[in-house]
Amino acid sequence: MSNFAFGTYRISDLNPQHIEALREAIASGISMIDTSSNYMDGGAERAIAAAFRGLDSYKKDEIEIVSKYGYLQGTNLLNYKNKLLKIKNEQDVVKYSPECYHAISKEFMHEQLSDSLKRLETQKIDCYLIHNPEYYILDAINKGVSKDERLDEMYRRLEDAFVGLEEEVKKGRIGSYGVSSNSFSLPESSEEFLPYEDLLTLAQNAANIVKNAKHSFTTIELPINILEREGLKCASWAKKNALRVLANRPLNAKYDSKMFRLCDYDESREYYYYLNELMETCNNETLRPMYNLLEQLDIRKHKFAWIGDYDLFLLSQILPHMKKTLENLGEEDVQALLSYIDIYLQEYRKMVASECSKKTREELKEFFKECNSTMQECAIRFLMQRESIDYILVGMRKSAYIGQILSLEE
């Protein structure tokens with residue numbers, strides 16, 4: 001059994017490459033797929049369903065699906081907020097913000113689970129996690145609620161959610177449940193830390209209410225990596241209590257309030273070819289804004305702190321600017337130019353990633369001073385050596401990534 005799980009944070013059913021990567025991972029021995037109702041607005045769950053089509057039933061049974069609920073977005077947020085406001089005078093359940101309450105309440109969970117089962121095209125999810133319930137704590141902190149009061153309320157809400165999850169276990173719609181929380185990885189002194197040692201008591205209380213003989217709380221998920229090691233304390237507690245530990249964000253790490261991508265990347269060998277080709281195409285009055293943008297991008301390719309900053313900049317600045325410029329062209333010209341732009345942006349991202357990895361190597365040299373391989377291999381091996389971690393969640397959006405990851409187990 002592989003101790004790597006396929007993480008689907010950026011997986012979409014609209015990308016055939018993602019579905020093929022899922023199929024390749026299953027064929028290669030991956031036995032767990034981690035997803036969420038929130039990932040790609042349900043697209044990750046739909047991608048899993050697409051990858052499962054055509055599989056023999058025995059093969060499907062070998063793959064454990066772990067999904068999550070807990071985020072409220074768009075129409076769902078508005079609907080549930082309005083629903084709770086209507087009952088505010090009847091029940092004291094909206095002591096703080098309605099959305100933060102309902103994000104972990106059992107009513108919301110029942111509906112989210114039904115939606116996930118439909119997207120996954122299955123009758124049962126093996127393990128269902130509450131996704132980052134600490135957002136209530138953040139909301140309470142912002143409202144000036146005292147620590148004792150907000151933790152008491154947090155536990156009350158969690159127990160209420162656990163009751164709903166125990167009910168779903170009894171119905172057979174889930175096999176077990178747990179909590180995925182970034183706050184498990186914070187120091188206990190942090191205001192945002194979510195204490196975990198009482199979770200099993202809350203789970204057993206919930207089981208008693210539902211009249212289940214034993215609770216079905218089995219799993220915790222949290223960020224652990226070579227930089228963020230505080231979560232190992234939580235992992236050790238979990239193992240002592242016979243819980244499974246799933247480690248996420250193995251390569252996207254936070255240190256000194258900054259984010260790092262723990263990977264080495266080579267420069268693009270073809271970047272300047274595509275840059276020059278595109279700039280030559282844009283060297284006219286109509287496309288002058290695009291030409292100027294390309295010049296500026298080339299200058300700042302080494303200025304991004306980490307690759308995530310570039311990805312946000314791409315969505316918020318680069319693409320809107322390009323779209324506005326393309327509005328001046330006819331449809332045929334737009335389609336021809338888009339193919340050039342797509343290739344250029346792929347190569348540009350490689351250059352940014354390479355520049356970021358060089359800075360990361362230098363800034364984190366103490367962590368990798370004994371690393372005689374790539375940063376990603378050393379970071380993954382660090383987690384593989386931790387006995388308290390059962391599964392390492394890795395994003396494998398391309399088939400090529402799967403072989404690279406699984407080779408580390410040889």
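Near Ser36: Cβ cut-off under 9 Å, other residues only, Lys/Arg at +1 and Asp/Glu at -1. The net charge is -1. Carbon and sulfur: what percent of the chain's accessible surface (1.4 Å probe)? Percent of accessible area from carbon and sulfur atoms in the chain: 47. Listed by chain and number, the aspartates and glutamates whose alpha-carbon sits under 18 Å from that of Lys258, ignoring those within fewer than 8 places in the same chain, are Glu192, Glu228, Glu230, Asp309, Asp311, Glu355, Glu362, Glu363, Glu366. Computed packing ranks the peptides 45-56, 140-151, 307-318 as 45-56, 307-318, 140-151, most packed first, by mean other Cβ atoms within 10 Å.
Taking 0.36 nm per residue of separation and subtracting the Cα-Cα distance, full extension of the segment from His110 to Met279 would add 55.5 nm. When peptides 224-236, 329-341 are ranked by their average number of other Cβ atoms within 10 Å per residue, the highest-first order is 224-236, 329-341. Working from Cα pairs under 8 Å separated by at least six residues, relative contact order for the range 203-250 is 39 percent. Gain on full extension, evaluated as 0.36 nm per residue between Glu149 and Lys358 minus their Cα-Cα distance, stands at 70.6 nm.
Based on the Cβ-Cβ distance of Lys211 and Lys118, what FRET efficiency does E = 1/(1 + (r/R0)^6) give at R0 = 30 Å, to the nearest 0.05? My answer for the efficiency is 0.60. For the chain, modelled as a GNM whose springs connect Cα atoms under 10 angstrom apart, the maximal fluctuation among Glu166, Glu280, Glu111 occurs at Glu280. Local charge sum around Pro16 (other residues, Cβ-Cβ under 14 Å, Lys/Arg +1, Asp/Glu -1)? Neighbour charge sum, excluding Pro16 itself: +2.
Positive-end ranking of Phe4, Leu246, Met375 along the dipole of the chain, with charges on Cβ about the Cα centre, is headed by Leu246. Helices in the chain, meaning DSSP H runs of at least 4 residues, each add -39500 (n - 2.57). Divided by all residues, the mean residue ellipticity at 222 nm is -15500 deg cm²/dmol.
Label positions at Ala400 and Leu55, each projected 7 Å from the Cα along the C-beta direction, are separated by 2.5 nm. Against the chain, whose longest principal axis is taken from its Cα atoms, helix 375-384 shows a tilt of about 10°. Overall dimensions of the chain, expressed as equivalent-ellipsoid semi-axes from the Cα gyration tensor (√(5λ), whole Å, largest first), are 39, 26, 23.
Measure off 7 Å from each Cα along the Cα-to-Cβ vector at Glu331 and Ser236, then give the distance between these two points in nanometres to one decimal. Output for this residue pair reads 6.5 nm. Taking 31 Å as the limit for the C-alpha separation, the pairs Lys324/Lys359; Lys68/Lys365; Lys233/Lys365; Lys254/Lys323; Lys124/Lys254 exceed it in the case of Lys324/Lys359; Lys68/Lys365; Lys254/Lys323; Lys124/Lys254.
What you get for the chain, charging only the Cβ of Lys and Arg (+1) and of Asp and Glu (-1), is a dipole of about 760 debye around the Cα centre. Solvent-accessible surface of the chain, averaged per residue with a 1.4 angstrom probe and all protein chains in place: 49 square angstrom.
The residue among Ile33, Leu55, Ala44 whose Cα reaches farthest toward the positive pole of the charge dipole of the range 11-60, with charges on the beta-carbon of Lys, Arg, Asp and Glu, is Leu55. For the range 240-254, the residues whose backbone nitrogen is under 17 Å from a point 7 Å from the Cα of Leu408, taken along Cα to Cβ, are 245-254.
The values are calculated or read from the model by the stated rules, or taken from the named source; none is laboratory data. Predicted model, so just to flag it, every value in this text is computed and none were measured. Cβ atoms come from the backbone with ideal geometry, glycine included; neighbour counts cover every protein chain shown. Heads up: the accessible areas ignore ligands, DNA and RNA and are worked out on the full protein's heavy atoms, side chains in. Shrake-Rupley method; radii C 1.70, N 1.55, O 1.52, S 1.80 Å.
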